[in-house]
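Accompanying notes for the structure given below.
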Amino acid sequence: MELVIIQKKIFIIRGQRVMLDMHLAELYGVETKQLKRQVKRNLERFPKDFMFDLTLAEYNFLRSQIGTLEKGKGQHAKYLPYAFTEHGITMLSSVLRSKTAIDVNIAIVRAFIFLKQYNNDFRLLQKQMNEMEARFNRKIENINEIIEYLTAKPKIEKPKKRKQIGFKIGGK
């Protein structure tokens with residue numbers, strides 16, 4: 001399973017990275033109603049910090065972000081989707097016990113780990129940029145300036161010929 005495919009299905013809702021039930025069902029190779037049925041049978045495994053229902057406003061906003069559906073079938077959802085946090089997705093592996101579900105869960109957890117690492121790397125880069133701006137007393141407008149500065153070879157200037165002072169031999 002490619003991380004890029006999974007990463008495109010991760011959204012930030014209520015300040016948390018989540019995946020929707022319809023996308024998880026697609027990845028697991030099951031129908032969304034089957035996934036929801038298994039979750040409802042095991043609700044005690046999914047506290048509010050593992051899974052939550054989207055509001056209609058959140059769902060409509062996401063629909064506009066994801067893209068529009070074809071006219072006709074599936075145009076309007078009968079039930080609002082569940083949003084699963086990273087921990088909720090991990091818990092799904094205990095509810096869906098197929099080999100595919102286990103493999104997909106591993107790939108999804110790796111995608112979440114990758115996003116956390118990316119976020120940490122971005123914060124570190126931002127901190128380093130702020131330190132460079134403070135050191136040079138100017139705002140860095142473009143990341144290319146930093147790259148050019150870091151990769152540029154230092155310019156070594158040759159000393160200019162100076163007029164000799166003091167005692168001169170030969171009257172010059």
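The values are calculated or read from the model by the stated rules, or taken from the named source; none is laboratory data. Keep in mind that this is a model prediction, so the values were computed, not measured. Heads up, the Cβs are rebuilt from the backbone with ideal geometry, glycines too, and the neighbour counts pull from every protein chain shown.
In the set (1) modelled with pLDDT under 80; (2) among the β-branched types (Val, Ile, Thr); (3) assigned to a helix (DSSP H, G or I), Val104 fails one condition alone, (1).
Counting the residues of segment 45-74 that are in a loop (DSSP other than H, G, I, E, B), surrounded by 10 or more Cβ atoms within 10 Å (Cβ to Cβ) and either modelled with pLDDT under 85 or acidic (Asp, Glu) (or both) gives 3.
Across segment 1-44, which residue is farthest from the chain's Cα centre (by Cα) among those that are under 24 Å from Arg110 (Cβ atoms), surrounded by 12 or more Cβ atoms within 10 Å (Cβ to Cβ) and among the basic types (Lys, Arg)? The extreme case among them is Lys9. Within segment 1-24, residues that are touching a residue at least 12 places away in the same chain (Cβ under 8 Å) sit with their Cβ atoms under 8 Å from residues that are in a strand (DSSP E or B) and not hydrophobic (A, V, I, L, M, F, W, C), at 6+ positions apart or across chains, in these pairs: Ile10/Arg17; Phe11/Arg17; Gln16/Thr85; Arg17/Thr85; Val18/Thr85; Leu20/Tyr82; Asp21/Tyr82.
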